[in-house]
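The values are calculated or read from the model by the stated rules, or taken from the named source; none is laboratory data. Treat the numbers as computed from the prediction; the structure is a model and nothing was measured. Methodologically, a virtual Cβ is constructed for each residue, glycine included, from the backbone with ideal geometry; neighbour enumeration extends over all protein chains shown. Please note that ligands, DNA and RNA were not included when accessible areas were found on the heavy atoms of the full protein model with its side chains. Shrake-Rupley method; radii C 1.70, N 1.55, O 1.52, S 1.80 Å.
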Amino acid sequence: MPVTVVVGMQWGDEGKGKIVDMIADKADVIARYQGGANAGHTVVVGKEEYVLHLIPSGVLRNGKICIIGPGVVVDPEALLSEIDGLEKRGVTVKGSLLVSNRAHLIMPYHKLLDRAAESRLSGSKIGTTGRGIGPAYADKAARIGLRVGDLFKPEYFRERLGQALEQKNALLKTLYGEPAADEKEIFEKYMAYAGRMKDYADDCGPILRKAVADGKNVLAEGAQGSMLDIDHGTYPFVTSSPAAAGGACTGLGLPPRAINEVLGVMKAYTTRVGEGPFPTELLDATGERLRKTGGEYGATTGRPRRCGWLDAVVGRFAVDVNGVTGIALTKLDVLDEFDTISICTEYEIDGKRYDQLPEDTDALTRVKPVYETHPGWKTSTAGISIYANLPDAAKRYVARVEELVGARVSVVSTGQDRSATIIRS
Ligand code: GDP
Ligand code: IMO
Ligand code: MG
């Protein structure tokens, strides 16, 4: 380590949760840096499956400090129910989890506005998770947000809530024809959350910086993926936070020079949930087979994920924009029974070839992917944990991915369980 960012290299759901849980045994601190309960990070430990939305995936390892950083948007209702769900299953959260006082709160009107805005977009929906993420980050930028620390200053909280509701209720009533949100009801609800949130709220920036200064191993866990990053993704079909590795600095309050490694998590094929361009999407039986074999249904919303072959143009971009020092290539086992496996090496757009990602999102809807096709290995790699034991065709696939995207594959994942992991370095 000591400070490693784990970042999604595609459109999310690359298997970040599994990888963070896997390497968290060597970490002291695991911190989420952006996003909110739109994330769904699945971790499988033996027969138990956990889906984490806000709590870092290190929580399943005992004795670690887990931090929800200033850059995250926190829905207290979602967080407290996630804590309860874990505690009920015997996972200790109290004493391990800290939530930044600086993190912004998701308010009930954020969720209402998220859904109302989506339903009005009709033909150009983003396909959001409906968790209030966009409206909460918009309020943060507009400086009318409420933060975790505000929960403990009731008079201040009430005043800020009143100011925000003036705007929100005008929007809800006039633009969306929805009933106004009730100030008293929200205030009482959030004051009740405050009682429990007190156990977790802290000033997390200094804690993180001290951990770095003391040479502790810190894992910064990203949510979503580089292609969903607000600045670098397929705007406007993105989430509203800095999902790429740079977000770890702003979202945790760590200086850029503190980051030592960036582990990019990349699925051996590609998926996307929600709307927006997806150059290698397969709308045929092969896409359906990837979905079935890979169990590609959203961990947060249950929506079927769109599936396609690996896109090396996207991979190359993600290596560059994140400064990836090693790739964790996940779900290799999903490709086990395919006769042939394709990789998109370049794009053809309006008759012109591109080996780098074009910045124009609209151009991405006109991509004809240029594929190279590799023979499948037609044998099970499920559970393999030693690189040498992979079939030769799988090793050639991994080597070709490294060559095409320009970074070393340092971890290969061959199943959901912790043990189904090859660590190469
Ligand atoms: P995240 O959002 O990036 O954490 O990814 P998700 O948890 O939403 O989706 C990844 C899914 O793939 C989860 O159900 C994981 O348990 C599963 N998974 C992760 N790695 C592997 C792997 O190597 N093989 C298989 N078959 N499943 C995997
Ligand atoms: P993890 O962390 C995949 C997608 C939504 C939608 C867009 C905007 O599990 O990888 P939002 O609710 O964030 O405003 O929705 O982003 N999206 C994700 N897709 N994995 C995720 O998280 C996602 N979080 C948001 O589907 O297209
Ligand atoms: Mg997910």
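Here are a few things to note about the model shown:
- Rounded tilt (10° steps) of 312-322 against the dominant C-alpha axis of the chain: 50
- Near residue 307, once Lys and Arg are set to +1 and Asp and Glu to -1 for all other residues with Cβ below 14 Å from its Cβ, the sum equals +2.
- Ratio Rg/Rh [Cα only; Rh per Kirkwood] for the stretch 297-395: 1.01
- Distance histogram in 10 Å bins (all Cα pairs of the stretch 235-375, percent per bin): 10, 36, 37, 14, 2
- Phi-derived couplings, Karplus 6.51 cos²θ - 1.76 cosθ + 1.60 at θ = phi - 60°, listed residue by residue for the stretch 190-202: 6, 5, 5, 4, 4, x, 8, 5, 4, 5, 10, 5, 7 Hz, with x used for Gly and Pro.
- Using 0.36 nm per residue and subtracting the Cα-Cα separation, the extra length available between residue 183 and residue 386 on full extension is 67.3 nm.
- Backbone HN-Hα couplings from phi across the stretch 71-83 [Karplus 6.51/-1.76/1.60, Hz, Gly and Pro as x]: x, 8, 9, 10, 8, x, 4, 5, 5, 5, 6, 5, 4
- For the stretch 88-168, the relative contact order is 32 percent, taking Cα pairs closer than 8 Å that sit 6 or more residues apart in sequence and dividing their mean separation by the residue count.
- Oblate is the label for the stretch 81-237, because a/c, from the alpha-carbon gyration tensor with a ≥ b ≥ c as root eigenvalues, is 1.5 or above and a/b does not exceed b/c.
- For residue 201, the residues whose modelled amide H falls within less than 5 Å of its own, excluding neighbours fewer than 5 places apart on the same chain, are 99.
- Here the spin labels are modelled as points 7 Å beyond Cα on the Cα-Cβ line, and at residue 141 and residue 25 they lie 4.2 nm apart.
- Rounded to 10°, Cα long-axis angle of helix 133-142 versus longest principal axis of the chain: 60
- Computed helical MRE - 222 nm, the chain, DSSP H runs ≥ 4 contributing -39500 (n - 2.57), nearest 500: -9500 deg cm²/dmol
- Residues whose amide H lies under 5 Å from that of residue 42, counting only those 5 or more places away or on a different chain, are 17, 18, 52; hydrogens are built 1.01 Å from N in the peptide plane.
- Neighbourhood charge, 12 Å Cβ-Cβ cut-off, centred on residue 128 and excluding it, Lys, Arg +1 and Asp, Glu -1: +2
- The long axis of helix 285-294 is offset from the longest Cα principal axis of the chain by roughly 60 degrees.
- Here residue 402 and residue 378 are evaluated by their C-beta separation; at R0 = 35 Å the FRET efficiency comes out at 0.95.
- Relative contact order [Cα under 8 Å, 6+ residues apart], the chain, whole percent: 20
- The percentage of C-alpha pairs in the chain whose separation is greater than 39 Å is 18%.
- Sequence ranges 260-271, 374-385, 304-315, ranked by mean other-Cβ count within 10 angstrom, highest first: 260-271, 304-315, 374-385
- With a cut-off of 12 Å between beta carbons, the residues surrounding residue 182 carry a summed charge of 0, where Lys and Arg count +1 and Asp and Glu -1.
- For the peptides 328-337, 111-120, 345-354, 64-73, residues were scored by their other Cβ atoms within 10 Å and the scores averaged per peptide; the highest-first order is 64-73, 328-337, 111-120, 345-354.
- Amide H contacts under 5 Å for residue 241, placed H, 5+ residues apart: 230
- HN-Hα J in Hz across the stretch 86-103 - Karplus 6.51, -1.76, 1.60, θ = phi - 60°, x for Gly and Pro: 6, 4, 4, 8, x, 8, 7, 10, 5, x, 10, 9, 10, 10, 5, 5, 7, 5
- Beta bridge orientation in the chain: antiparallel %, DSSP, nearest 5: 40
- Ordering of 41-48, 358-365 by packing [mean C-beta count within 10 Å, highest first]: 41-48, 358-365
- Computed label-point distance, nm, for sites residue 214 and residue 84 using a 7 Å Cα→Cβ extension: 3.3
- Averaged per residue, the chain has 41 square angstrom of accessible surface, using a 1.4 angstrom probe with ligands and nucleic acids left out.
- Inter-label distance, residue 360 to residue 260: 4.4 nm, where each label sits 7 Å from its Cα along the C-beta direction.
- Rounded FRET efficiency, nearest 0.05, which uses the C-beta distance separating residue 159 from residue 353 and R0 of 41 Å: 0.10
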